[in-house]
Amino acid sequence: MSEIPAVLTPALGSVVGDARELGDDALIEALRVVEERVRSAHAERAALIAVIQERIAGLGHRVDATADQVAVVLEISPRSADNVLGDALAVVSRPQVWTALFDGLIDLRKALLIVAGLDGFGGLPRVELEADAIGYGQAHTAHELRLYLMKLTCDGDPGEIFRKEALDNRGVSIFPAGHGMADVSARISIEHAEVLFQRLTTLAKDPHCPDPYGQGDERSLDQRRADALVGFLDNTTEVTVHVDVTIPADALIGDDHRDALLGRHGAIPASLARYLAWSPDARWRRLVTDPLTGALIDANAEVYKIPDRIKRAVRLRDRTCRFPGCTRRAEYTDTDHIHPWSKQGRTEASNLAALCRRHHLVKTHSAWTVRTRGGGTGFDMHWTSPLGTKRTTHAHAYHRRD
């Protein structure tokens, strides 16, 4: 184990007396300060747990004795303590990540994503990748960071050595969840996971979706997906699914090793994308973009109705709802005119964005404001909250950045 950071744990104290007396800027700043303290406290806790583990191990006890000690002090279950211990040791093992957590640059979830996402990389390359990921994580959500880490690992694994090792770890596990229920977890290749999810979603929306528990039409979409999974047991259900893979043309013919995109899941190796693209059941859709800016080239910009071709392209460009932090899949969102069509807004990709219904309504009927810049790879959406907080969301780049 690397050297455990030396920490002091002073009382946090009080940031404010009565938050209701603060102005807007001071209120937001107080929240930011408290969040930094929470992150720093997580780092301190991790270091303290690592010291406890080191001390107990020095007495000749097993690691689970540390988890039992943590469980008693934190008043949590032994199973939860196992997770807390594992997370603490993982973060402390990477000094650069621990320091970023202690300094409040990233939160615990992002720290753990970086540690796990770069597993297998060692030495200087890993240190550089960690620095890259920490910088990215400061201004992006955990979901966005996860996708970015997938891209980093694809770029850093041209021989797909780590992918082959990861494939060897596939498996299925069942965890009792109480009250006669269980959680089923499967680790499989990402393309098969996407196909499975699409099949379940297609079946869930079908009027004849299996109903093994006899609950009828009152079920939620997630409940129907679960029922569809149970329905696979009779081996009589057949559905057709569509999986979007976006790959540059030069990578498609093998002249380039840049990663491709699988739906909203992020980067996959170019070799896997070529395999999917050239499979007998593949159907191709062309996205025409400006070769310099990457902007989608549109038609019929003067009409309100959005052509299906442009809807598909916008959803592939955005991948998720474009509101800051929202991870709703683009295929389940509205394709919204950013500048309203009723106010001379054009029906073209540069004036369209994927917004889930909630954030579509927020944009239209609240004090949140948004402005855009660019039309393709530079299609940024700059959001401002009612209290003045500013955030920017970005589109995916279709073309090479030199």
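The values are calculated or read from the model by the stated rules, or taken from the named source; none is laboratory data. All of these numbers come straight from a predicted model, not from anything done at the bench. Glycine gets a Cβ as well: all are built from the backbone with ideal geometry, and neighbour counts include every protein chain shown.
Values as computed for the structure displayed
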| item | result |
| --- | --- |
| Residue match in the stretch 306-326 (condition: over 27 Å from the mean Cα position of the chain (by Cα), modelled with pLDDT under 85, surrounded by 18 or more Cβ atoms within 10 Å (Cβ to Cβ) and not basic (K, R)) | yes |
| Qualifying residue in the stretch 166-187 (condition: surrounded by fewer than 18 Cβ atoms within 10 Å (Cβ to Cβ) and in a helix (DSSP H, G or I)) | yes |
| Top-ranked residue in the stretch 162-197 [being in contact with a Gly (Cβ under 7 Å, 6 or more places away or on another chain) and not acidic (D, E); ranked as modelled with the lowest pLDDT] | F162 |
| Residue match in the stretch 120-132 (condition: among the aromatic types (F, W, Y), part of a loop (DSSP other than H, G, I, E, B) and not assigned by TED's automatic domain parsing to the domain that holds S385) | yes |
| Test result for I114, outside any helix (DSSP H, G or I), at negative phi, of a type in the set (A, V, I, L, M) and not assigned by TED's automatic domain parsing to the domain that holds T320 | no |
| Selection count where residues are under 16 Å from W98 (Cβ atoms), within 12 Å of the chain's Cα centre (by Cα) and at pLDDT below 90, scope the stretch 118-161 | 0 |
| Residues (over 24 Å from A166 (Cβ atoms), under 24 Å from the mean Cα position of the chain (by Cα) and among the acidic types (D, E)) located in the stretch 189-229 | D222 |
| Test: I49 is touching a residue at least 40 places away in the same chain (Cβ under 8 Å), assigned to a helix (DSSP H, G or I) and within 21 Å of I4 (Cα to Cα) | yes |
| Residues located in the stretch 52-109, provided they are free of Cβ contacts under 8 Å to residues at least 12 places away in the same chain and either touching a Phe, Trp or Tyr at 6+ places or on another chain (Cβ under 7 Å) or not in a helix (DSSP H, G or I) (or both) | L59, G60, H61, R62, E75, I76, S77 |
